[in-house]
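S.K.: Right, I'll just put the structure down here and ask away after.
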Amino acid sequence: MFENVKLIASDLDGTLLLNGTQKLQANTCDLIEEIINRGIKFVACSGRRYENLQRLFAPVKDKIDYVCDNGCIAYVGGKVVYRATMPKDLGRELIREIRRTKTEDVFVACEKNCYIQADRPEFIKYMREVVDFDVTPVEDIFDLPEEYMKISYFEEKGLTETDSLKKIFGDKLTMQTGGAAWFDTIPKNVNKRTAFEKISEHLNVKPENCIMFGDNDNDREILNYVGLPIVVESAKESIRRLGKMTTDTVENKLEEILKEI
């Protein structure tokens, strides 16, 4: 079943990182290293930042490729092969609405930096010490020196309804949940798949030769694109229906793959 696999990709939060954990299992990078040694590419596909993902995958960081910020930017061999940004005026309008109706805990991801309002010290501490993001506090989140790629907000107790934001901005921007407490907004018609396609084309790998592990809405497009979509058992029901296989952990399925190739 796995003999034609050329590339394996995986989401992080809710997939490789289960139950809110912020560190990979002890054997994850060893398994990825063995996958790579068998001639198979590995791609981390996440809403997280490139720097954060490189720290998570430190032992193999220079041997894998990355879809970051939910598909706004992609790296192959450490070089950017794709990026997408949104109009600043639209981004500012979204931030105002989030802060008015949802939470002050908003961050803006750009290519070089990730920005947070300086008057949110607890959120800054959470992002730096728990999520392990490099964040730049600014006095005015509406006045940034870079183009916006992704705008996200965090609700510690879990996301409340998001339909109101989708009603206002859904025809202008791509809006998705990322884990239980994050809501991510990126440019229209951009998602993890748009960046993943650029990587697979760059590596000359066809979708039928790809595996993707996922669990949530922001994995949907890649799961529909690859030849073998695999979902974790804890995935939301609408995503579980997309999987040709399920697994309790990514690591257990990687071990199974290694036994068969």
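The values are calculated or read from the model by the stated rules, or taken from the named source; none is laboratory data. The structure displayed is predicted, hence computed values, not measured ones. As a convention, Cβ positions derive from the backbone with ideal geometry for all residues, glycine included, and neighbour counts pool all protein chains shown. Accessible surface areas use protein heavy atoms only, side chains included; no ligands, DNA or RNA. Shrake-Rupley method; radii C 1.70, N 1.55, O 1.52, S 1.80 Å.
S.K.: How large is the helix-only mean residue ellipticity at 222 nm for the chain, computed as the sum of -39500 (n - 2.57) over DSSP H runs with n ≥ 4, divided by its residue count, in deg cm²/dmol to the nearest 500?
M.R.: Details: 9 runs with 79 residues, N = 261.
Estimated from H runs of four or more residues: -8500 deg cm²/dmol.
S.K.: Right, next: So what is the accessible area of segment 44-194 per residue, in Å², with the probe set to 1.4 Å?
M.R.: I get 44 Å² per residue for segment 44-194.
S.K.: Could you please state how large a percent of the accessible area of the chain is carbon and sulfur, counting protein chains only and using a 1.4 Å probe? Intermediate values should be presented prior to the final figure.
M.R.: Numbers: 5090 of 11630 Å².
Here it works out to 44 percent.
S.K.: Moving on. Would you mind checking Lys167/Lys188; Lys23/Lys112; Lys6/Lys63; Lys6/Lys244 for any pair whose Cα atoms are more than 20 angstrom apart?
M.R.: On the way: Lys167/Lys188 14 Å; Lys23/Lys112 23 Å; Lys6/Lys63 15 Å; Lys6/Lys244 17 Å.
Pairs exceeding the cut-off: Lys23/Lys112.
S.K.: Right, next: If you put +1 on each Lys and Arg Cβ and -1 on each Asp and Glu Cβ, how big is the dipole of the chain around its Cα centre, in Debye rounded to 20? If you can, show how the numbers build up before the last one.
M.R.: Values: 38 positive and 46 negative charges, 108 e Å.
That gives the chain a dipole magnitude of about 520 debye.
S.K.: How long is the gain from Asp143 to Leu258 if the chain were fully straight, where each residue apart is worth 0.36 nm and the alpha carbon distance is subtracted? Spell out each step's value before the answer.
M.R.: Numbers: separation 115, 0.36 × 115 = 41.40 nm, distance 4.91 nm.
Extra length from Asp143 to Leu258 when fully extended: 36.5 nm.
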